[in-house]
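Notes to accompany the following structure.
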């Protein structure tokens, strides 16, 4: 089965850190040219790009705050045609659902859901013209097992995955696959503070049949596969990388 991505151009949103950075590095190892995206931390984006080039890959950096629709829509004008689009960027605010403000709710929807739609509207025509494309969204196990204090995040990720199911059927005739992966508890900087609480860690581990937390690299290999020719017959699917937490 062929996982080679040589000659393909890929953008991974939110790839200056966490799961996105691991995906960017893995796709680069497969031979893809990488567009590294960040919202604001250029230093971290430059570090990821430097690691890609150090391994013989090619990387460019693009900055845009996807919470602002105009920046999301304008991003693709700067990036240009893509073969692969990985929609990873998101925000996550943890607080009781009764206290969410309208602004906080729309921050989630704008960044985690609306930005995906706007980027796809810009990216898909070039994929259609080539009769080939790969779209992967990074969802969450919270789509089916919502955290009590992350209601807006769960809603926004579930909406993105509904988009996957709708578009997969519409784009399949053009050689474009659209899939979603749903990470569980992954040991990234976003989760570092929460996972420093020993009591909370034990509560989480009891919910994970595998008995341990994932690393960002656990997500990257599957994304590379879904972006390859080897996954040409897989579309419209959600695959959970969660140690069994979704069971």
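Residues that are in a loop (DSSP other than H, G, I, E, B), touching a helix residue (DSSP H, G or I) at 6+ places or on another chain (Cβ under 8 Å) and closer than 19 Å to residue 80 by Cβ within the range 15-58 comprise 15, 57, 58, listed in sequence order. Of all residues in the range 35-74, those satisfying the criterion of being within 15 Å of residue 89 (Cβ to Cβ) and touching a strand residue (DSSP E or B) at 6+ places or on another chain (Cβ under 6 Å) are 35, 36, 37, 38, 45, 48, 61, 62, 63.
Taken over the range 131-150, residues that are modelled with pLDDT of 95 or more, over 16 Å from residue 237 (Cα atoms) and touching a helix residue (DSSP H, G or I) at 6+ places or on another chain (Cβ under 7 Å) amount to 1. Annotation: of all residues in the range 173-200 being out of contact with any helix residue (DSSP H, G or I) (no Cβ under 7 Å at 6 or more places or on another chain), more than 17 Å from residue 146 (Cβ to Cβ) and outside any loop (DSSP other than H, G, I, E, B), the one that is modelled with the highest pLDDT is 173.
Residue count for the range 196-210 satisfying the condition of being exposed (fewer than 10 other Cβ atoms within 10 Å of the Cβ) and within 16 Å of residue 141 (Cα to Cα): 1.
The values are calculated or read from the model by the stated rules, or taken from the named source; none is laboratory data. Predicted, not measured: the structure shown is a model, and the values here were computed from it. Cβ coordinates were reconstructed from backbone atoms using ideal geometry, including for glycine residues, and neighbour counts include every protein chain displayed.
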